[in-house]
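As structure tokens, the structure follows; a few thoughts come after it.
The numbers here are math on the coordinates, done by the rules we state, and not lab data. Worth saying up front: this structure is predicted, and the values here are computed from it rather than measured. Note that each Cβ is placed from the backbone with ideal geometry, even for glycine, and that neighbours are counted across all protein chains shown.
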Amino acid sequence: MRLDDFGSVGDAYQRYSAGIRGKIRHELVFEVVAGLTSAGGTVLDMGCGDGEISARLSEAGFRVLGIDASPEMLRRANLRKAELPEQVRSRLEFALGDITDFASEHLFDAVCCHGVLMYLDDSAAAIRKLASHVKRGGLLSILTKNAPSGDFRQALRGDYATARELIETGAAASIGNLGIRTRGDDPSAVVQQMGACGFADSQWRGVRVFSDHLDEQTFDGALAAELIALERAASLRDPYRAMARLFHATGRKA
């Protein structure tokens, strides 16, 4: 599937995003990006999808440009934008594009690329391109699939044959939430690639350590706050973060 076809799974993504696994991802990633970016700064959200994080950052006072290759996902993002207060809408823009063809004469205080690299054949070239849009002292934020833990979801859901196959073959690719084959990265390799692009103090957090196997329909929503707090506590701690389905790497441009 090409990134510009992603809108074909828009309904499935919206259900995932509203469920507990999506909430954990959005909440933990937003906290880190907002906490590490200067108040009122500019943010490029590359691969913004339906605008979830873009809208949150705009509501927090940041000026955000969301870019996506899918016209359908941008339609959904603009519907989300239309529901925001006028002052928030004035800080938020969406436009069609992707990592390879995006060009801007401006640099950004933060560049986010969340849930995109797993659909690309190679991460290094994408990271170099993303890094070129970050101003000195700015933040690069990358969320993608954690290759070493790709078998945990299958095992915890009882699909033992698939889990064993992934473990024995060391395969970096498997079927993701939306029924699409996705490719994982090693967190340490992504941090090294960021360092090679001039980013210091790079680190990574695990996202969805204890929750990736949960069924959205049967999960008790009253436990969401406690589960998110647990995930937050585990996100920077070993060995827990190594078992997360996703990882969130951040670094500051030297």
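Helix-derived [θ] at 222 nm for the chain: sum -39500 (n - 2.57) over DSSP H runs of at least 4, divide by residue count, nearest 500?
Working: 10 runs with 94 residues, N = 254.
Dividing the helical sum by the residues of the chain leaves -10500 deg cm²/dmol.
For region 67-213, with the dipole built from +1 on Lys and Arg beta-carbon atoms and -1 on Asp and Glu ones, taken about the Cα centre, which of 166, 106, 124 lies farthest toward the positive end?
The one lying farthest along the dipole's positive direction is 106.
For region 50-193, what is the convex hull (Cα atoms) projected area averaged across all directions, in square nanometres? Walk me through the intermediate numbers first.
Details: hull surface 40.6 nm².
Value for region 50-193: 10.1 nm².
How much of the DSSP beta bridge set in the chain is antiparallel, as a percent to the nearest 5?
Values: 17 of 37 bridges.
Among the beta bridges of the chain, antiparallel pairing accounts for roughly 45 percent.
Would you grab the residues whose amide H sits under 5 Å from the one on residue 66? Only those 5+ places off in sequence or on another chain, please, with H modelled 1.01 Å from N.
Counting only residues 5 or more places away or on other chains, the set is 45, 93, 94, 95.
Can you tell me which lysines have their Cα less than 17 Å from the Cα of residue 129? Leave out same-chain residues fewer than eight positions away.
Here the lysines satisfying the reach criterion relative to residue 129 are 253.
Taking the Cα centre of region 80-203 as the origin, how large is its charge dipole in debye, to the nearest 20, when only Lys and Arg (+1) and Asp and Glu (-1) carry charge on their Cβ atoms? Present the calculation step by step, with values, prior to reporting the outcome.
Values: 14 positive and 16 negative charges, 47 e Å.
Charge dipole, region 80-203, about its Cα centre: 220 debye, nearest 20.
Where the only charges are on Cβ atoms (+1 Lys, Arg; -1 Asp, Glu), what is the dipole of region 1-94 about its Cα centre, to the nearest 20 debye?
On the way: 13 positive and 14 negative charges, 27 e Å.
In total the dipole reaches around 140 debye.
Mean 1/r over all different Cα pairs, inverted: what Kirkwood radius does region 1-110 give, in Å? List each step's numbers first, then the result.
Details: mean 1/r = 0.0706 Å⁻¹.
For region 1-110, the Kirkwood estimate is 14.2 Å.
Give me the percent of DSSP beta bridges within region 32-157 that run antiparallel, rounded to the nearest 5. Walk me through the intermediate numbers first.
Numbers: 0 of 19 bridges.
Once the DSSP bridges in region 32-157 are tallied, antiparallel ones form about 0 percent.
Could you pull the Rg and Dmax for the chain, using just the Cα atoms, both in Å?
When restricted to Cα atoms, the chain yields Rg and Dmax of 17.3, 54 Å.
Full extension from residue 36 to residue 105: what is 0.36 nm times the residue separation minus their Cα-Cα distance, to one decimal in nm?
Details: separation 69, 0.36 × 69 = 24.84 nm, distance 2.33 nm.
Residue separation times 0.36 nm, minus the Cα-Cα distance, leaves 22.5 nm.
Name the residue from 64, 43, 90 whose Cα lies farthest towards the positive end of the charge dipole of region 22-109, charges +1 on Cβ of Lys and Arg and -1 on Cβ of Asp and Glu.
With unit charges placed on the Cβ atoms, the residue in question is 90.
Does region 167-254 come out rounded, prolate or oblate by the C-alpha gyration tensor, with a ≥ b ≥ c the root eigenvalues, rounded set by a/c under 1.5 and, if not, prolate when a/b is larger than b/c and oblate if not? Before the final figure, lay out each step's value.
Working: a/c = 2.35, a/b = 1.38, b/c = 1.70.
Verdict is oblate for region 167-254.
Which FRET efficiency, nearest 0.05, do residue 161 and residue 89 yield, Cβ-Cβ r, R0 35 Å? Before the final figure, lay out the partial values.
Working: r = 49 Å, r/R0 = 1.41.
Rounded to the nearest 0.05, the efficiency is 0.10.
Report for region 111-254 the percent antiparallel among DSSP-assigned beta bridges with both residues inside it, nearest 5.
On the way: 17 of 22 bridges.
Around 75 percent antiparallel, to the nearest 5.
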